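The values are calculated or read from the model by the stated rules, or taken from the named source; none is laboratory data. Note that the structure is predicted; figures quoted are calculated from it, not measured. Every residue, glycine among them, receives a Cβ derived from its backbone with ideal geometry; neighbour counts consider all protein chains shown. For accessibility, only protein heavy atoms count, side chains too; no ligands or nucleic acids. Shrake-Rupley method; radii C 1.70, N 1.55, O 1.52, S 1.80 Å.
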Amino acid sequence: MRTINIVDDWSNLRLPADIFSVLEQAKSVTFPRDRNDVLRKAMGDSDASIFEVVYDIPERGPYTEATVARCKNGLAVNYTEPVMRRRDPDCMVIGDKLPTDKRSFDDRFGFPFEPLRNDTFNWLKGQDLCVTTFILGGYSEDSGHGGMLIAPANAGFFLGALADLQGLLSPEAIPHNFLVNAIIYLAPPFRHTHFDGQQVVVHNRMEGIHEIFSYNLYPGPSAKKGVYGVLLNIDGDDEQSLPTLHGATVQVVTPYDNVTTIMHEGASGSGKSEMLEYAHLQADGRIRLGKNVLTGEERTLAFSQMCALQPVTDDMAMSLNDSTAGGYLTVQDAEQAWFVRVDHISQYGTDPHLEGLTVHPAEPLLFLSLDAVPGSTCLIWDHIEDSPGVRCPNPRVVLPRRLMPNVVNNPVNVMIRNFGIRTPPCTAENPTYGIVGYLHFLPPALAWIWRLVAPRGHANPSITDTAGLTSEGVGSYWPFATGCMVDHANVLLRQMRNTPKVRYTLTPNQHVGAWKVSFMPQWIAREYLGRRGTAELPADRLKVSRCPLLGYTLKTMQVESVMLPPVFLRVDEQPEVGIGGYDAGARILTEFFHSELQQYLKPDLDSLGRRIIDCCFANGTVEDYEDLMRLG
């Protein structure tokens with residue numbers, strides 16, 4: 001493949017004049033050549049043990065946004081404000097006039113975006129800049145789908161996060177057909193001067209280039225989810241394209257070498273990264289199924305041998321049109337590293353697999369919101385405190401795929417699509433939507449509306465707003481998309497109709513009725529589904545859930561000769577909940593679905609989709625949902 005050298009000739013990038021002028025007029029421009037170069041930039045191009053990321057704020061003076069500590073196993077990044085330590089779900093605004101259901105910049109802030117765009121360019125021209133280039137998502141180098149980051153040179157850790165997540169092209173070896181389809185501009189001071197210190201990320205879709213203006217240094221909304229929004233925008237350019245799904249994918253290998261591929265989808269905090277982890281064990285090797293929040297009773301079980309895991313995707317799964325899939329869904333990873341949340345790693349020994357990868361990594365890692373001092377080993381259970389005694393709920397580590405054992409780098413056919421939801425405790429005295437049992441089976445039509453609603457759920461650790469039952473919308477990726485909801489709803493429905501062999505399941509995390517369960521339901525379900533494979537469950541093994549939105553539950557669930565207690569399968573059978581508490585929770589869940597689905601009833605909605613939503617409004621039965629997709 002022929003290459004170009006952008007160090008010698010920036011015109012090879014074929015940028016519009018106003019963007020090209022930023023590079024031409026900046027104080028200086030450097031192009032990091034590799035990951036080591038980027039990590040050195042993160043420490044201010046020095047051998048210092050700690051580096052402060054400081055910007056001059058007009059009428060305020062120097063302000064420290066973050067500190068970077070050089071540790072034995074990588075760089076520990078910590079923000080000076082708790083608000084910067086997790087993603088604001090409302091940080092995205094749209095700066096252009098193209099079709100969208102998202103809030104526009106001028107509507108939210110009361111002034112047009114174009115003057116701020118120019119001010120941002122002028123600010124960048126006054127900085128020492130670093131520029132990196134990468135290939136978007138899971139596209140190949142010859143696809144022409146290229147991305148670029150233009151950032152102040154002292155934000156090297158941000159460059160490092162993006163370089164890990166999306167890759168880094170050497171500036172001397174850019175593919176000859178490289179086209180810049182997306183640009184991220186990093187300008188942290190503007191959050192103080194224009195946005196009252198809050199996270200704001202502006203998407204500006206121009207002809208040929210999707211611009212992302214990141215006015216904060218937390219990489220979640222821009223380097224990660226911003227790029228996700230670009231991929232979703234590219235997906236929408238072709239009526240036959242399929243969406244980049246918000247899901248973790250794993251191949252589950254049984255002790256008998258049978259392989260079942262499961263994708264776990266859901267809103268932020270629903271257990272995607274956890275789907276790639278082995279079940280957490282107690283000190284004696286047993287698994288704790290749950291602890292009753294009222295009585296303190298604990299239920300445990302022991303496995304003789306668990307399935308092996310071969311991770312495929314952690315958060316962004318690019319859908320592929322593959323004629324050889326035979327009715328299954330084909331996906332590959334749209335990232336080159338994983339942004340792993342470690343809030344559930346509270347002490348040494350919680351997850352020896354992940355702890356081993358991060359304590360003694362083959363390469364230095366990037367850690368966010370972990371309490372580490374220069375020269376120490378950054379430990380993923382030492383979370384920074386947001387305030388005295390209050391641990392940050394969103395500590396992260398960026399794990400390059402190449403460091404993950406048994407990672408699968410080729411496309412795979414997904415057999416089971418599981419959906420996760422964070423659930424609060426539910427009791428007769430305090431009923432909630434925490435009525436979801438350990439494992440439910442959903443008809444495709446019902447699985448579709450779960451993705452349209454995508455409940456964010458209880459005590460979400462990944463975002464700043466965690467109160468109550470809220471929605472992340474279509475496919476659970478709506479917070480990152482820039483277009484129209486109905487278009488995405490139609491694409492998801494078409495995808496499900498075109499992959500008829502895929503089966504759909506639902507698992508909760510945190511609570512099952514009155515039992516605190518953490519992520520154990522999806523780990524136990526993974527063991528069960530891995531052993532069963534794609535074999536159809538006999539009708540006499542299933543029982544219709546009391547709440548139709550929960551599809552079917554198992555009459556009994558046995559894994560490796562261990563029988564799960566029935567109260568974990570059907571919450572209405574828990575004495576602490578009972579029929580009354582369950583039905584009250586079902587009403588909460590049903591009313592929430594009815595409320596969220598209203599926004600999809602637009603003229604462009606697929607006719608089958610409208611019938612499915614009407615079925616939900618009419619409180620249809622599970623059999624009704626079965627018939628809808630079967631009859632089309």
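Observations on the model:
- Paramagnetic label zone (point 7 Å from Cα along Cα-to-C-beta, Thr30; backbone N under 14 Å) in region 160-178: 160
- Across region 141-284, C-alpha contacts under 8 Å between residues 6 or more apart give a mean separation that, scaled by the residue count, equals a relative contact order of 17 percent.
- Loop-resident sites, region 327-372, for chymotrypsin sites (Phe, Trp or Tyr not before Pro), counting at most 13 other Cβ within 10 Å (DSSP): Tyr348
- Length added when fully stretched, Phe195-Ala283, from 0.36 nm per residue minus Cα-Cα: 26.9 nm
- Region 416-541 pair-distance distribution - Cα-Cα, 10 Å bins, rounded %: 12, 38, 36, 14, 1
- Extension gain for Ser49 to Asn177 (0.36 nm times residue separation, less C-alpha to C-alpha distance): 42.0 nm.
- Over region 1-123, accessible surface divided per residue gives 51 Å², non-protein components excluded, 1.4 Å probe.
- Separation in nanometres of the label points that stand 7 Å from Cα toward Cβ, at Thr64 and Arg630: 6.5
- In percent, rounded to a whole number, the relative contact order of the chain is 15, using alpha-carbon pairs under 8 Å and six or more apart.
- Here's how it looks for Ile183: its modeled amide H is under 5 Å from those of Met148, His210, Glu211, Ile212, which are all 5 or more places away or on a different chain.
- In a simple Cβ point-charge model (Lys, Arg +1; Asp, Glu -1; nothing else charged), region 44-113 has a dipole of about 340 debye relative to its Cα centre.
- Rg in Å to one decimal, and Dmax rounded to a whole Å, for region 322-365 via C-alpha atoms: 16.4, 47
- Dipole magnitude for the chain: computed about the Cα centre from +1 point charges on Lys and Arg Cβ and -1 point charges on Asp and Glu Cβ, it is near 1100 debye.
- Protection proxy ranking of 527-539, 372-384, 499-511, 208-220 - average other beta-carbon atoms within 10 Å, highest first: 208-220, 499-511, 372-384, 527-539
- For region 476-569, the square roots of the Cα gyration tensor eigenvalues, ordered a ≥ b ≥ c, give a/c of at least 1.5 with a/b greater than b/c, which places it in the prolate category.
- Listed residues Pro395, Pro424, Tyr438: farthest to the positive end of the dipole of region 343-466 (Cβ charges): Tyr438
- Whole-number accessible area per residue in Å² for region 555-607, which is evaluated in the context of all protein chains at 1.4 Å: 47
- Scattering curve values for region 1-154, log₁₀ I(q)/I(0), Debye with Cα scatterers, q = 0.16, 0.21 Å⁻¹: -1.30, -1.47
- With respect to the chain, whose longest principal axis is taken over its alpha-carbon atoms, helix 622-631 is tilted by about 60°.
- Rounded if a/c under 1.5, otherwise prolate or oblate - region 166-242, Cα gyration tensor axes: oblate
- Relative contact order, whole percent, for region 226-365 stands at 24, derived from Cα pairs under 8 Å and 6 or more residues apart.
- Using alpha-carbon coordinates, inclination of helix 225-235 to the longest axis of the chain, degrees: 80
- Reachable lysines from Lys291, criterion Cα separation under 23 angstrom, eight or more residues apart if same chain: Lys272, Lys516, Lys555
- log₁₀ of I(q)/I(0) at q = 0.06, 0.10 Å⁻¹ - the chain, Debye sum with one point per alpha carbon: -0.31, -0.89
- Packing-based ranking, highest mean first, of 435-446, 290-301 given that Cβ atoms within 10 Å are counted: 435-446, 290-301
- Fraction of accessible area attributable to carbon and sulfur, the chain (%, probe 1.4 Å): 49
- Note that region 159-219 presents 22 Å² accessible area per residue, ligands and nucleic acids not counted, probe 1.4 Å.
- Within region 132-177, the ratio Rg/Rh, alpha carbon atoms throughout and Rh by Kirkwood, equals 0.97.
- MRE, 222 nm, helices only [DSSP H, n ≥ 4, -39500 (n - 2.57), over the chain, to nearest 500]: -7000 deg cm²/dmol
- Shape class of region 210-287 from the Cα gyration tensor (axes a ≥ b ≥ c, square roots of the eigenvalues): oblate, since a/c reaches 1.5 or more and a/b does not exceed b/c.
- A Förster radius of 56 Å, combined with the Cβ-Cβ distance separating Ala618 from Ala362, puts the computed FRET efficiency at roughly 0.50.
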